[in-house]
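Okay, structure first, notes after.
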Amino acid sequence: MVIRMKVLVSGKGGCGKSTISAMLGKYLARKGYRVLIIDADESNPGLYRMLGLPKVKTLAEHLGGKKRAKILMAAEGEGELDEELFNWTLHDIPEEILAKKGNLAVLTIGKIEEAEEGCACPYGFLARKLLEGIKLGENEVVLVDTEAGIEHFGRGVDRYVDVVIDVAEPSTESIELSRKIASLSESLGLKHVLVLNKALPGVEEELPVKPDVVVPFDQNFILDSLRGREVEPIGQIGELWKIING
């Protein structure tokens with residue numbers, strides 16, 4: 001079966017979105033898919049480390065910086081934006097903004113670098129336009145690692161994906177946010193897959209919702225992170241992909 005898919009990873013801060021994104025990206029690349037992970041989190045710097053890749057220029061930097069992104073955002077509001085600017089295939093993306101290893105590549109939208117530099121709205125705009133414009137070929141998958149919370153729904157980023165992976169940890173706050181993510185996904189007609197991460201024994205039975213995939217708590221993830229090691233896919237990631245692609 002030929003796959004062309006855009007998948008967005010959402011959830012509360014610290015729930016494990018980047019870890020799930022990295023593991024799923026590696027898993028799919030090893031299965032022969034061509035995978036692009038879009039780092040749409042304006043603050044978390046860890047995705048490159050998780051994949052063993054070097055940092056490269058961001059999309060915002062490639063286009064001329066945050067001020068240029070603001071100009072493009074204003075141009076869209078006035079109906080004057082050149083929509084061809086973001087009509088890329090995976091082959092068209094400039095090499096200077098891609099960190100690559102085999103079938104897997106990472107593209108970062110932009111990061112908050114300075115105090116008082118203003119809101120991250122221009123980066124949300126760039127993420128939305130990139131997802132809207134990018135064209136996928138056979139067996140190509142885009143994964144979007146988002147910022148904490150649900151602001152990306154408000155920015156319209158989710159409008160241009162096929163599936164939302166909702167990563168939750170076993171806390172009341174995280175589960176309540178997941179319910180909101182499920183509702184927002186449904187309102188856009190998107191497939192919603194709930195992943196319970198960091199699950200301790202007995203926790204699943206106490207939840208008011210039923211997760212599609214359960215990832216047990218493993219202290220080795222913490223230790224490997226502190227030691228600067230890459231993440232590796234675990235068995236539940238294959239289960240997750242079957243549900244996404246089912």
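The values are calculated or read from the model by the stated rules, or taken from the named source; none is laboratory data. What you see is a predicted model, and the numbers here were worked out from it, not measured in a lab. All Cβ positions, glycine included, derive from the backbone under ideal geometry; neighbour counts span all protein chains shown. Remember, those area values only see protein heavy atoms, side chains included, never the ligands or the DNA or RNA. Shrake-Rupley method; radii C 1.70, N 1.55, O 1.52, S 1.80 Å.
Some observations on this one:
- In summary, Phe153 fulfils each of the numbered conditions (1) crowded, with 19+ Cβ neighbours inside 10 Å; (2) at pLDDT 95 or above with the single exception of condition (2).
- For the range 130-148, a residue qualifies if it is surrounded by fewer than 18 Cβ atoms within 10 Å (Cβ to Cβ) and part of a helix (DSSP H, G or I), and the qualifying residues are Glu132, Gly133.
- Residues located in the range 71-105, provided they are open to solvent by 60 Å² or more (accessible area, probe 1.4 Å) and acidic (Asp, Glu): Glu78, Glu80, Asp82, Glu83, Glu84, Asp92, Glu95, Glu96
- Only one of the numbered conditions (1) under 27 Å from Leu90 (Cα atoms); (2) among the small types (Gly, Ala, Ser); (3) at pLDDT below 95; (4) surrounded by 14 or more Cβ atoms within 10 Å (Cβ to Cβ) is not met by Ser185, and that is (3).
- Residues satisfying the stated conditions in the range 215-238, i.e. open to solvent by 40 Å² or more (accessible area, probe 1.4 Å) and of a type in the set (Val, Ile, Thr): Ile222, Ile234
- Contacts under 7 angstrom Cβ, first residue in the range 171-197 being β-branched (Val, Ile, Thr), partner open to solvent by 20 Å² or more (accessible area, probe 1.4 Å) and part of a helix (DSSP H, G or I), 6 or more apart: Val193/Ile243
- Per-region count, the range 55-64, residues touching a helix residue (DSSP H, G or I) at 6+ places or on another chain (Cβ under 7 Å), open to solvent by 50 Å² or more (accessible area, probe 1.4 Å) and in a helix (DSSP H, G or I): 1
- Annotation note: of Lys67, Lys17, the sole residue that is free of Cβ contacts under 8 Å to residues at least 12 places away in the same chain and open to solvent by 10 Å² or more (accessible area, probe 1.4 Å) is Lys67.
- Scanning the range 20-34 for residues that are of a type in the set (Lys, Arg) and crowded, with 24+ Cβ neighbours inside 10 Å yields a single hit, Lys26.
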